[in-house]
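Just below is one structure, and these are the notes that go with it.
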Amino acid sequence: MKRINWLFTFTSLSVLLVTIERFSFTTSIILQPYSYLRLHEVVQMSLIILLTVVIPAFFLKEVSHNFEALKTKRGQILSLLFLIGVYFYATGNGVHEVASYLFNTFCPVNTFKSTLCGSMFFNDYYFGNILYFIGAFLMTVPLILIKMMYPNKTFNRKDLPILLINGFIYAFAIFAYAAFDRVLVGVFYSLITMIVVDLLFLTIKGKKLNYPYTLFGVITYTIGTIASLIVRFH
């Protein structure tokens, strides 16, 4: 199996891990002192989200031809944007996880009126998520642009089924964020990313199969976003 397909598979497994953990026993274990967090938030911030950053770092190595593209001025700019994306992605997740625990544990989630609970709600659903999705965008698009500098001419039709399966799995993660969240932040993120990724894909001249990371992005964001819009606005 191609190395990039292994990375797609690890990405899918990380998405499944995020989902499974959110419904696991860790959500019922409150840590001391002061009931500061559940085990769930600690696992998410210290292990699972770390994994979802490490895998894109390997994607950066793969799409840049072992960092060869980073020697160019364009590659350096794109890699810097990717690094900025990692920062916002991790910061946003931290804000979201902590605020989500505090808001859902100590506030009446549907009838809150205090400034304190309002602050927790805003940090949870808006500020944290906005930073997180800005980071996700900046981690995704630069990788696509770097990959477009180096076509993968060894990727062929027999490698496509694994890419498609993993693309569908990841699309469900986008769908879950965008379709059912209390606010529309996830919808706007997936819609904007879908438009950008699809437009970049359409600009490719030649064999589009030579750009598997771009194709993966098209599949995940197009399916996930369209399904989310149907559920949201049906």
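Details
- Test: residue in the range 127-144 that is hydrophobic (A, V, I, L, M, F, W, C), loosely packed, with under 15 Cβ neighbours inside 10 Å and out of contact with any His (no Cβ under 6 Å at 6 or more places or on another chain): no
- When 21, 68 are checked against the criterion of being among the charged types (D, E, K, R) and more than 17 Å from the chain's Cα centre (by Cα), a single residue qualifies: 68.
- Any chance residue 134 is over 15 Å from residue 15 (Cβ atoms), touching a residue at least 60 places away in the same chain (Cβ under 8 Å) and in contact with a Phe, Trp or Tyr (Cβ under 7 Å, 6 or more places away or on another chain): no
- Any chance residue 196 is modelled with pLDDT of 95 or more, of a type outside the set (Asp, Glu) and either out of contact with any Lys or Arg (no Cβ under 8 Å at 6 or more places or on another chain) or farther than 23 Å from residue 10 by Cα (or both): yes
- If the condition is being at pLDDT 95 or above, touching a Leu at 6+ places or on another chain (Cβ under 8 Å) and of a type in the set (Val, Ile, Thr), then the range 31-57 contributes 42, 55.
- Positions within the range 147-178 being part of a helix (DSSP H, G or I), out of contact with any Gly (no Cβ under 8 Å at 6 or more places or on another chain) and not charged (D, E, K, R), in sequence order: 160, 161, 162, 163, 164, 165, 166, 167, 168, 169, 176
- Where a residue in the range 200-214 is within 15 Å of residue 149 (Cβ to Cβ) and its partner, wherever it lies, is exposed (fewer than 14 other Cβ atoms within 10 Å of the Cβ), with Cβ under 7 Å and at least six apart: 210/153
- Flag if residue 126 is of a type in the set (Ser, Thr, Tyr) and in a helix (DSSP H, G or I): yes
- With a requirement of 1 or more residues that are touching a strand residue (DSSP E or B) at 6+ places or on another chain (Cβ under 7 Å) and within 18 Å of residue 129 (Cβ to Cβ), the helices (runs of 4 or more DSSP H) lying completely within the range 13-113 that satisfy it span 73-106.
- As a summary of the residue check, residue 133 satisfies the conditions (1) of a type in the set (Phe, Trp, Tyr); (2) over 18 Å from the mean Cα position of the chain (by Cα); (3) part of a helix (DSSP H, G or I) except for the one numbered (2).
The values are calculated or read from the model by the stated rules, or taken from the named source; none is laboratory data. Bear in mind the structure is a predicted one, so any value in this text is a computation, not a measurement. So basically every Cβ, Gly included, is an ideal-geometry build from the backbone, and we count neighbours across all protein chains shown.
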